[in-house]
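Bear in mind these aren't lab numbers, they're just calculated from the coordinates by the rules spelled out. As the structure is a prediction and not an experimental result, all values here were calculated from the model. Please note: Cβ atoms are built from the backbone with ideal geometry, for glycine as well, and neighbour counts cover all protein chains shown.
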Amino acid sequence: MLAYPTPVADRAVSIAALPITPAQYLTLRREASGLSRMQVARRLYEIKIKRFFGDRRPRRLFDSVAQALATVEQLEIPGARSKYRPVIDVLGGIFPLDADVYHQLIDEPADRRPAICRSCGCSRHDACGGTCTLTHVICNYCTAGAERLAA
Ligand SMILES: [Zn+2]
Ligand SMILES: [Zn+2]
């Protein structure tokens with residue numbers, strides 16, 4: 001299934017009232033980076049790690065691209081949450097995300113969750129270009145993009 005990005009302005013209005021879930025957070029950050037799920041899966045499949053101390057030959061984290069893709073898809077299913085931090089850290093090496101934000105969305109009550117842009121998923125330590133500011137529900141980079149689209 002191809003996912004076409006919704007124009008920023010529509011999106012901000014329709015979902016502003018809903019809390020962002022950990023799964024939505026991953027989707028927003030992945031889409032903001034312009035990567036498809038398959039592209040992320042291919043990158044995941046390339047990753048090799050040493051599984052234990054003294055392991056001479058790093059091994060692949062996933063046995064196949066299909067297995068990596070299944071993991072990416074599962075993490076983006078509404079309600080999905082990975083308590084297994086290394087997976088999120090590894091994803092953070094493929095597209096920008098803040099693993100702390102992801103885990104705060106799981107663990108913190110609604111009023112203590114971090115502020116996140118509803119359009120691109122950026123947040124304080126993971127800002128667009130390192131400089132964007134979150135004014136209301138979307139960041140000023142996304143606001144500027146929406147104004148360009150509307151012009
Ligand atoms: Zn944004
Ligand atoms: Zn931003």
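Here are the numbers for this structure:
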item	result
Neighbourhood net charge (15 Å Cβ-Cβ; Lys/Arg +1, Asp/Glu -1) for Leu35	+1
Amide H contacts under 5 Å for Asp126, placed H, 5+ residues apart	none
Charge context of His125, other residues only, Cβ under 10 angstrom, K/R +1, D/E -1	-2
Sorted by Cβ density within 10 Å, fewest first, the residues Asp111, Asp100	Asp111, Asp100
Ascending count of other beta-carbon atoms within 10 Å, so fewest first, for Val90, Val40	Val90, Val40
Orientation-averaged projected area, Cα convex hull of the chain (nm²)	10.2
Theoretical gain in end-to-end length, Glu147 to Asp89 [0.36 nm per residue, Cα-Cα removed]	17.5 nm
Fewest-first sequence of Ile20, Ile106 by Cβ atoms within 10 Å of each Cβ	Ile106, Ile20
Residue-by-residue Karplus 3J(HN,Hα) for segment 125-139, coefficients 6.51, -1.76, 1.60, Hz, glycine and proline x	8, 9, 8, 4, x, x, 10, 5, 10, 9, 8, 10, 9, 10, 7
Stretch gain in nm, segment Asp111-Thr133, where the contour uses 0.36 nm per residue and the Cα spacing is subtracted	6.0 nm
